[in-house]
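Structure, as structure tokens:
Every number here is computed from the coordinates shown, using simple stated rules; none is lab data. From a predicted model like this one, the values you see are computed outputs, not experimental measurements. With ideal geometry, Cβ positions are generated from the backbone for all residues, glycine too; neighbour counts draw on all protein chains shown.
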Amino acid sequence: MRIGFLGIWLLASVSAGSVCAEQQPGTHDEVAKIEGLYATWRDAVEKGDRQAYVSLLHPQVRMLPPGAPAIDTADSYSEFLRPVFAMATYTIEVDQAPEVEVMGDVAVAQYDYTISLNLKNPSVGVSEPGALTASQTSARYFDVLRKTDTGQWLVWRHGWQVW
């Protein structure tokens, strides 16, 4: 049975409410690890470092961009990023830092970023379906993360809503 992004969000939100109220031991450390993941991810975007970006993705990641088909798997996501990073540089303004809720080996994060795009060649824009194409985009992001057997957090689902 496939469960859609909205279903995952609802399940995670309902589960998070009961877990967060209990403040399970070690949750603060896990949230700090996830906040570090987002700092590394922002740095990778701003440097155009595709390898560093993809290293934070679960192998079975699914990106759910508004108005475009989903991108499944880290390998496909990496190929999507090749022309995206080749055509532009990006800066990220953190409007709202990630709010993270941990539920065992699953976590959800919600955050607001304004991302500015600077074309390397102004006569050639970014045309990948699902890529940000405006000179500035403000959006609310929602991710589901999974913890690996080694304790590393990876982004498993990544989606956003443009303001």
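Equivalent-ellipsoid semi-axes for region 35-82 (Cα gyration tensor, √(5λ), whole Å, largest first): 18, 11, 11. Couplings 3J(HN,Hα) for region 134-140, derived from phi with the Karplus relation 6.51 cos²θ - 1.76 cosθ + 1.60 (θ = phi - 60°), are 7, 5, 8, 10, 9, 8, 9 Hz, where x marks Gly and Pro.
Just so you know, the Rg over Rh for region 5-162 is 0.97, from Cα atoms, with Rh as the Kirkwood radius.
What FRET efficiency do you get for Ala32 and Asp95 if R0 is 22 Å and r is their Cβ-Cβ distance, rounded to the nearest 0.05? After rounding to 0.05, the efficiency reads 0.55. Taking the Cα centroid of region 26-61 and of region 74-110, what is the distance between the two, rounded to the nearest whole Å? When both Cα centres are located, 7 Å separates them. Partner aspartates and glutamates whose Cα lies under 14 Å from the Cα of Lys120, excluding those fewer than 8 positions away in the same chain, are identified as Glu46. The relative contact order of region 5-162, computed from alpha carbon pairs under 8 Å that lie at least 6 residues apart in sequence, is 24 percent. For Leu56, no residue 5 or more places off, or on another chain, has a built amide H under 5 Å of its own.
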